[in-house]
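Reviewing the structure listed below.
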Amino acid sequence: MRITWIGNHEEGVIAFKRAIEENGVDAFITLDESAYVKRSAGSREYIQICEEKNIPYFFVDTIKGETAFEIVSKQNPELLVVLGWSEILPVRLLEIPTIGTIGTHAALLPHNRGSAPINWALIHGEAETGNTMMWLSKDVDAGAIVDQMAFPITPYDTCKTLYDRVAETNAEMLIKLIDNLKRGTKPVLPIENKTDEPILPRRRPKDGLINWNQGSKELYDFVRALTKPYPGAFTYLDGKKYLIWEASVLPIKSDEMPGSIIGTGVGFAENGTGLCVATKDNVLWITMLEDEDGVEYSNQSLYRLGLKGLFENE
């Protein structure tokens with residue numbers, strides 16, 4: 001079966017490797033450098049794999065242009081696989097493969113259609129999410145559902161750990177699909193992929209500004225939704241920007257104004273040192289942050305930083 005693959009996000013790497021082992025991939029399309037640097041969580045491991053396996057690869061600045069259309073047309077794929085790509089494919093691309101175009105969405109569709117579903121699920125405090133494989137259509141995340149796999153969101157998960165689960169389920173569902181297609185079966189689940197929910201909006205780095213007038217649980221969810229490899233939740237102190245990479249919730253009431261730095265706790269264990277910051281209800285314990293010069297602080301360096309005052313909302 002001839003497969004052309006379109007991908008950029010690291011969530012598709014495992015599936016890419018498995019598809020090469022199971023069937024082979026005839027061509028790979030990804031973002032050129034100018035577009036790549038504008039995206040979060042991209043991976044150049046795809047290129048290394050292509051070079052090792054002698055798979056031709058191509059760069060585009062958008063999947064909607066003439067260059068991408070010509071590449072896919074010349075490859076004449078039976079199956080077009082789109083994993084970890086943030087653009088909606090034009091109809092003329094969807095019509096090229098003889099079997100169809102397959103993609104996944106990191107949510108249990110029809111819930112959480114749209115952009116950054118894992119990040120939004122964490123921000124919204126959801127307890128479960130999952131991954132959906134579907135036949136792509138002209139509408140956003142509205143194609144016929146091929147397969148779904150659910151998994152819980154634990155209090156210890158971040159955007160990174162959840163996308164690791166997405167990567168694993170991408171591979172599981174894709175290999176199952178390839179096996180079915182080789183047997184002549186084109187699967188579709190009896191799940192109506194329709195909803196009145198609004199489409200999740202795209203998130204940009206500027207959307208990571210922290211609102212300290214929230215509870216500690218909401219702030220914790222916000223930080224873990226935007227931590228590495230994403231741009232991060234951030235705040236300001238005395239006009240300087242600080243990214244917050246790691247934090248915890250302390251069930252301690254505080255009468256201080258939200259955003260007030262109560263003090264720095266010290267401990268000899270890893271991540272035993274943290275900055276205590278008042279929230280609307282309890283305290284957020286910050287164990288790793290980064291200043292606007294790109295310097296990270298944790299443990300002893302965080303203590304020596306000696307931050308005091310009130311984090312700003314704007």
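Where a number appears in this text, it was derived from the coordinates with a stated rule and is not lab data. Everything numeric in this text was worked out from a predicted model, so none of it was measured. Note that each Cβ is placed from the backbone with ideal geometry, even for glycine, and that neighbours are counted across all protein chains shown.
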Fewest-first ranking of 140, 223, using other Cβ atoms within 10 Å as the exposure measure: 140, 223
Those lysines that a straight Cα-Cα span of less than 16 Å connects to residue 194, excepting residues fewer than 8 apart in one chain: 138
Inter-part distance where the stretch 88-131 and the stretch 262-295 are each reduced to a Cα centre, Å: 35
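Taking square-rooted eigenvalues a ≥ b ≥ c of the alpha carbon gyration tensor, is the stretch 19-87 rounded, prolate or oblate, where a/c under 1.5 means rounded and, failing that, a/b exceeding b/c means prolate?
Note, shape of the stretch 19-87 comes out oblate.
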Two-site label geometry, residue 296 and residue 172: point separation in nm, points 7 Å out along Cα→Cβ: 3.0
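From the Cα gyration tensor of the stretch 122-163, with a ≥ b ≥ c the square roots of its eigenvalues, which class applies: rounded if a/c is under 1.5, or else prolate if a/b is larger than b/c, or else oblate?
prolate
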Theoretical FRET efficiency, 1/(1+(r/R0)^6), r = Cβ-Cβ of residue 37 and residue 164, R0 22 Å, to 0.05: 0.40
Contour minus Cα-Cα distance for residue 180 and residue 115 (0.36 nm per residue): 20.5 nm
Part-to-part distance (alpha-carbon centres) for the stretch 193-238 and the stretch 1-63, which is given in Å: 28
In degrees, nearest ten, helix 216-226 long axis to first principal axis of the chain (Cα): 40
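Using the beta-carbon distance between residue 59 and residue 266 and R0 = 45 Å, what value does 1/(1 + (r/R0)^6) give for FRET efficiency, to the nearest 0.05?
The formula returns an efficiency of 0.35 here.
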FRET efficiency, 1/(1 + (r/R0)^6) with R0 51 Å, evaluated for residue 255 and residue 51 via beta carbons: 0.30
Separation of the residue 88 and residue 44 label points, Cα + 7 Å toward Cβ, nm: 3.2
Length released on extending from residue 204 to residue 124, taking residue separation times 0.36 nm less the Cα-Cα span: 27.1 nm
Acute angle (nearest 10 degrees) that the helix 66-75 long axis makes with the longest principal axis of the chain, alpha-carbon atoms: 50
Anisotropy class of the stretch 205-305 from Cα gyration tensor, a/c 1.5 cut: rounded
Across 241/280; 53/206; 160/217; 253/308; 17/74; 64/217, pairs whose alpha-carbon gap is larger than 30 Å: 53/206; 64/217
Antiparallel DSSP beta bridges within the chain, as percent of all bridges there, nearest 5: 70
